[in-house]
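A.B. asks: I'd like to ask some things about the structure below.
A short reminder: the numbers here are calculations on the coordinates, not readings from a lab. This is a predicted model, so every value here is computed, not measured. Using ideal geometry, Cβ is built from the backbone for each residue, glycine included, and neighbour counts are taken over all protein chains shown.
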Amino acid sequence: MGTKITSMEYDILLKDGTVIAPSEGLNDQVDVAIANGQVAAVSKNIDPQKAERTISVSGKYVVPGLVDIHAHVYVGVTTWGVAADPACQTTGVTTIVDAGSSGWATFSGFRNYIVQPTQTRILCYLHISGIGLVYGPVGEMLDLRYADPGKVADTIIKNRDLIVGVKVRQGGAQVGDNGVEPLKLAIEAAERAGVPVMCHIGAGVSLPEILKLMRPRDVITHCFQGRGDSILDEKGRVIPDAWAARQDGVIFDVGHGGGSFSYDVAKQAMEQGFISDVISTDLHTGNINGPVYNLPTTLSKFLHLGLSLEEVIEKATIQPAKAIQRDDEIGRLKIGSPADITVLDLLDGEFEFFDTHRKMFVGNQKLEAIFTINQQTITECVTT
């Protein structure tokens, strides 16, 4: 007589946590069950007897896997690339978007040597410059011959599973005397491929000129950068062009980075009601050991600036997912969605934060990732 084989209904059960899923309008103490790499149940009092493994997350926050829309992970090939899995799995990020590290000439290496062997979901913006950010300190669009909109568009069309848009950097150091011509070329490529543009802003190129060219769903990154040609005028007021662009559907992203986040600019803009749509890190080798560190630390800075916990979670989950047109699969926590889940702790105390202008400010709360769940893999995060 054969042995009867029984199987549990769920593989993993997260018990007694507070689930914050802005996409579903959920902020409540409920359980989350996972089966076969998907969210199988979200409700109160799920029976732990039905799960192979139950994890108590009482007092913690269970949120959709964090989405970092601006980072650099072309490690070993570009100046600023960091390894995605170590940077993401220990910090609650389940989807990371590389912002233009690869151009069309280097994209196949990005797919084969970075994306394929990595467990974290990696997507990317393809740079309008064919060389991408191989040597970032030298402007990749000082010479317009590096831009080929046709080849960029063709590469995107053939690789829509990974490429979400076109990246262009529009600071004087990157474009020299070429003004907004690189942006025009990026938009040409984007229109051919039917994707948005992510535009880096910085000193040296007129922001109003840039904003006039941006289209609905295009992304302005480094929106609080504060190094000249910023969203604030000389009296600290948000410029009308920024308000108009927002009204037209342009998306504004933090893109903290190593030189692109001013606490004072953010504070002044937010006091006027100009709040970024998305919060991202611009994580790279020059800031992973400070002042950025990771996405939860970046989100903590915006708690200090007055956003609620639900608001910062929204700006790091469903809003970036919508910006890259992937909100049907990521940034959500509902039955049937991929089991990309982050468990966060909200610490109380006195915490020092820094912007990229060496300004220190003190907050009384800090987010830390406790677990990162990517499909069926659970990574316990190391507190630093």
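A.B. asks: Got the relative contact order for segment 65-323 handy, in percent, Cα pairs under 8 Å and 6 or more residues apart?
C.D. replies: Reported as a whole number, the value is 17 percent.
A.B. asks: Next question. What residue among Ser280, Ser337, Ser102 shows peak mean-square fluctuation when the chain is described by a Gaussian network model with Cα springs under 10 Å?
C.D. replies: So, out of Ser280, Ser337, Ser102, the one fluctuating most is Ser337.
A.B. asks: Using a simple spin-label model with points 7 Å from Cα along the Cα→Cβ vector, what separation in nm is obtained for Ser7 and Leu346?
C.D. replies: 3.8 nm
A.B. asks: Counting other Cβ atoms within 10 Å, which trypsin sites (Lys or Arg not before Pro) in segment 278-379 have at most 14 and lie in a DSSP loop?
C.D. replies: Lys334, Arg358, Lys359
A.B. asks: Under a 10 Å cutoff between Cα atoms, tell me which one of Asn159, Asn287, Asn374 has the largest fluctuation in the Gaussian network model of the chain.
C.D. replies: Asn159
A.B. asks: If you don't mind, there's one more thing I want to ask. Can you work out the PRE-style zone for Glu310? Point 7 Å along Cα to Cβ, and I want the residues of segment 338-364 with backbone N under 18 Å.
C.D. replies: Within reach of a label on Glu310, which here means backbone N under 18 Å from a point 7 Å along Cα→Cβ, segment 338-364 contributes 344, 346.
A.B. asks: So, one more: Defining a contact as two alpha carbons under 8 Å apart and six or more residues distant in sequence, what relative contact order in percent does segment 31-165 show?
C.D. replies: It comes to 18 percent, rounded to a whole number.
A.B. asks: Further question: Put a dot 7 Å past each Cα toward the Cβ at Arg111 and Thr285; how far apart are the dots in nm?
C.D. replies: Each label point lies 7 Å from its Cα, and together they span 2.6 nm.
A.B. asks: So if I place +1 on the C-beta of Lys and Arg and -1 on the C-beta of Asp and Glu, and nothing else carries charge, what would the dipole magnitude of segment 329-383 be about its Cα centre? I want it in debye, nearest 20.
C.D. replies: 200 debye
A.B. asks: Quick one: of the DSSP bridges fully inside segment 65-323, what percent are antiparallel, nearest 5?
C.D. replies: Taking every DSSP beta bridge within segment 65-323, about 5 percent pair in antiparallel fashion.
A.B. asks: How much length, in nm to one decimal, is gained on full extension between Ala203 and Glu52, taken as 0.36 nm per residue of separation minus their Cα-Cα distance?
C.D. replies: Answer, rounded to one decimal: 48.9 nm.
A.B. asks: Right, something else. With +1 assigned to the C-beta of every Lys and Arg and -1 to the C-beta of every Asp and Glu, and no other charges, what is the dipole magnitude of the chain about the Cα centre in debye, to the nearest 20?
C.D. replies: I would put it at about 480 debye.
A.B. asks: Separate question: Would you kindly state how much longer the chain becomes between Asp161 and Gln29 on full extension, computed as 0.36 nm times their sequence separation minus their alpha carbon distance, in nm to one decimal?
C.D. replies: Details: separation 132, 0.36 × 132 = 47.52 nm, distance 3.50 nm.
So the extension gain works out to 44.0 nm.
A.B. asks: Quick check: residue separation of Asn45 and Leu213 times 0.36 nm, minus the Cα distance between them. What number comes out in nm?
C.D. replies: In short, 55.3 nm is gained.
A.B. asks: Follow-up. Under a straight-distance cross-link criterion of Cα-Cα below 20 Å, which aspartates and glutamates are reachable from Lys366, leaving out those fewer than 8 residues away in the same chain?
C.D. replies: Straight-line reach from Lys366, under 20 Å: Asp68, Asp264, Asp282, Glu310, Glu311, Glu314, Asp345, Asp348, Glu350, Glu352, Asp355, Glu380.
A.B. asks: Looking only at Ala51, Ala71, Ala186, which one moves most when the chain is put into a Gaussian network model with springs between Cα atoms under 10 Å?
C.D. replies: Comparing Ala51, Ala71, Ala186 in the GNM, the peak value goes to Ala51.
A.B. asks: The chain: Rg/Rh from Cα coordinates, Kirkwood Rh?
C.D. replies: Computed over Cα atoms, the ratio is 0.99.
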